[in-house]
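Each remark here refers to the structure printed beneath this line.
The values are calculated or read from the model by the stated rules, or taken from the named source; none is laboratory data. The structure presented is a predicted model; accordingly, all values stated were derived computationally and were not measured. Cβ placement follows ideal geometry from the backbone for every residue including glycine, while neighbour counts extend to all protein chains displayed.
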Amino acid sequence: MKGKWFAFGCLTSVVIIIIIIFSTFNIIGIMSKSMGKKKQLKEILPGSYLHVKLSGEIVEYNEFSESFFGEDAIGTHSIIQKINKAFYDKNIKGIILEPQWMSCGMANINEIMEAIEHFKSSGKKVYAHFNMAGNRDYILASIADSIYLNPSASGGLFLTGVGGSVLFYKDMLDKIGIEMKVIHAGKYKGAGENFSRSSFSKPVKENLDKLFTTIYDKMIAMIAENRNLSIEQIKHIYENRKEIFISGEKALEYNLVDQLCFREDLFKELGIKQDQLVSLKSYKLSSRSKEKERIAVVYAQGMIASSNSFYTAQNLSASKIDEVLDKLETDNSIKAVVLRVNSPGGSALESEIILSRIKQLRRVKPIIISMGNVAASGGYYISAESDYTYADPYTITGSIGVVAMIPNISKLSQNIGLNSEQIKKGKYSDLFNPYREPDAEEFEALKNDIEETYIEFKIRVAEGREMSLEDVEMLAQGQIWSSEDALDKNLIDGVGMLNNAIIKAAEIAGVIEYSVHFYPEKKSIFEEFLKDKFDIDVVAEFMKSDITKEIGLDRSLLLYKNIRNDPVQAIMPFEPEL
């Protein structure tokens, strides 16, 4: 008994220590935030510049209001809101844009560029400066009035193009005795191929190649237009240059930049003092508009899965969507809802539940879909029902198909002397037992189940898009489409940005004077952490290194976690890299 109480006391002590640690983080965060607010009391000086300094991963919408240390959580949404505020701010003279090794989708970049273009229409100037720039950085900076580059020989531009690498695990899994059974509905459905094949199947590779070509051509045309160069000139730089890193002198020669100088010299040239630089984090947004009629923008982002705990916050679940839509349905001030979808898909069942909830809300209020970086497979599934559907010019969509994946580690267990013995009551009681391979009858039954889910997916698309099942089948089979192709094939209603969707929502709802409110409402990261149970998995997931992301394993691991309890997936795991 003493041992039990001792163990309980140890466990209690550990929990208390964890609470103290995170309470300390929260206190530091509150103090930091409070200091930030005091700092903000200082008036922005006339002639100031909004300093848009971006690096690392930039999510579309950060659901947390701040980090553990009280800093504002920056996402594409807040960046755009602050640029839009600066448009009207008489003390903001211009923007200093400094992107460096950004990581985000092209639709995110496109939205930021649109906000900067709108900012420039006020007559205010935008200046971009690099020490060194990657592909995404340069694409974003190309919208600036002038681009400056560090003259050092160790600086430069690293312009790569569009591509994508996928790790194929089959040969490795074969060596250690693991087999992943993959069942596809749709010959272009590539999800799971990296577990079951050593390379892409021909249809999947052809489909991806066509998509990447479209994105590449669009990117080249955008840079050419922004820099007032020909498409041929930009293509030559990307495809025929001899140097890997484009030095300052070469960048000038190619007309990719306008001047070589250090950042301090640029500030001196523009007459900018240090206290005239306003960082994104210190530039606070105004309080909500008091317009009585509102348009709601709901961000539906992440892999679709039922789990909704803190450490899988990147997942999109029915419970997360329900929590938001339930409030909006009963809020009479909300006249229409824009659902901003940015998801490669996931659980077919969860997608069906989410779509059902969206259809329920649509009976009460107009629903407009705005597609972000990717709205494919399950992401397209939940977009099938709307009053109008927009896709960003860079959206990847479609992938109407279903896949099931079942792990089989029987060979591995035999090799290491691990024996599994089960007492079986019921024909399928051990169907998903990873220590044995499904027999022919079970495999055929699974194929039939997958086919039924695929048919249901096509029915939902046919109903939502008012198409015949035969026409849907021609566009389905797991094929992925660019926004232009999707428009041509009636999978969407228009190519446009989030703002286009908001305007359309107001038009359909018949409102003229309105404010825009964004959901899910931002919450404290500390409160969200404490709301979940204390679990070592939670801590480990939150604190883990980004190494899996760096080598391309993160998405495959997340996919595997989600299929353990839900093997039927509508997901597109391949996306282009810039």
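Quick notes on this one:
- Residue within region 451-461 that is at pLDDT 90 or above, crowded, with 18+ Cβ neighbours inside 10 Å and aliphatic (A, V, I, L, M) present: yes
- Checked against the criterion of being of a type in the set (D, E, K, R) and under 31 Å from the mean Cα position of the chain (by Cα), the candidates Lys427, Lys458 yield just one match: Lys458.
- Condition met for Arg294 (under 28 Å from Asn226 (Cβ atoms), among the basic types (Lys, Arg) and either in contact (Cβ under 8 Å) with a residue 60 or more places away in the chain or surrounded by 14 or more Cβ atoms within 10 Å (Cβ to Cβ) (or both)): no
- Exactly one residue out of Ile423, Ile406 is surrounded by fewer than 24 Cβ atoms within 10 Å (Cβ to Cβ), of a type in the set (Val, Ile, Thr) and not in a strand (DSSP E or B): that is Ile423.
- Residue-level check: of (1) more than 22 Å from Gly105 (Cα to Cα); (2) out of contact with any Phe, Trp or Tyr (no Cβ under 6 Å at 6 or more places or on another chain), Ile220 misses just (1).
- Taking the listed residues Ile409, Ile480, Ile492, Ile416, the one that is hydrophobic (A, V, I, L, M, F, W, C) and either touching a Pro at 6+ places or on another chain (Cβ under 9 Å) or closer than 30 Å to Lys292 by Cβ (or both) is Ile409, with no other qualifying.
Let's see how each residue does on (1) surrounded by fewer than 17 Cβ atoms within 10 Å (Cβ to Cβ); (2) in a loop (DSSP other than H, G, I, E, B); (3) of a type in the set (Gly, Ala, Ser); (4) modelled with pLDDT under 95:
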site	(1), (2), (3), (4)
Tyr283	no, yes, no, yes
Lys290	yes, yes, no, yes
Val298	no, no, no, no
Ser307	no, yes, yes, yes
Tyr311	no, no, no, yes
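- Every residue from region 426-456 that is without any contact (Cβ under 8 Å) to a residue 24 or more places away in the chain, closer than 17 Å to Lys181 by Cβ and in a helix (DSSP H, G or I): Ala440, Glu441, Glu442, Glu444, Ala445, Asn448
- Residue within region 166-187 that is among the aliphatic types (A, V, I, L, M), within 30 Å of Ile95 (Cα to Cα) and either surrounded by fewer than 19 Cβ atoms within 10 Å (Cβ to Cβ) or within 26 Å of the chain's Cα centre (by Cα) (or both) present: no
- When Val472, Val516 are screened for being touching a residue at least 40 places away in the same chain (Cβ under 8 Å) and part of a helix (DSSP H, G or I), only Val472 passes.
- Tally, over region 198-236, of residues that are farther than 30 Å from Asp171 by Cα and not charged (D, E, K, R): 17
Listed here are the residues, each with its yes/no results for (1) over 16 Å from Pro393 (Cβ atoms); (2) aliphatic (A, V, I, L, M); (3) at pLDDT below 90.
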{"residue": "Ser198", "(1), (2), (3)": "yes, no, yes"}
{"residue": "Thr214", "(1), (2), (3)": "no, no, no"}
{"residue": "Asp217", "(1), (2), (3)": "no, no, no"}
{"residue": "Glu225", "(1), (2), (3)": "no, no, no"}
{"residue": "Ser230", "(1), (2), (3)": "yes, no, no"}
{"residue": "His236", "(1), (2), (3)": "yes, no, no"}
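- Criterion applied to Asp72, Asp89 was being surrounded by 16 or more Cβ atoms within 10 Å (Cβ to Cβ), charged (D, E, K, R) and at pLDDT 95 or above, and the one residue passing it is Asp89.
- Top-ranked residue in region 111-132 [being more than 26 Å from the chain's Cα centre (by Cα) and under 26 Å from Asn500 (Cβ atoms); ranked as surrounded by the fewest Cβ atoms within 10 Å (Cβ to Cβ)]: Gly123
- Given (1) assigned by TED's automatic domain parsing to the domain that holds Glu521; (2) outside any loop (DSSP other than H, G, I, E, B), index of the condition Lys365 fails: (2)
- Residue list for region 462-486, restricted to those being surrounded by 18 or more Cβ atoms within 10 Å (Cβ to Cβ) and closer than 22 Å to Pro203 by Cα: Val472, Leu475, Ala476, Gln477, Gly478, Gln479, Ile480, Trp481, Ser482, Ser483, Asp485, Ala486
- Check on Phe443, hydrophobic (A, V, I, L, M, F, W, C), surrounded by fewer than 16 Cβ atoms within 10 Å (Cβ to Cβ) and closer than 30 Å to Asp430 by Cβ: yes
- Selected residue (criterion: farthest from Ala115 (Cα to Cα)) from residues of region 478-530 that are of a type in the set (D, E, K, R) and at pLDDT 95 or above: Lys489
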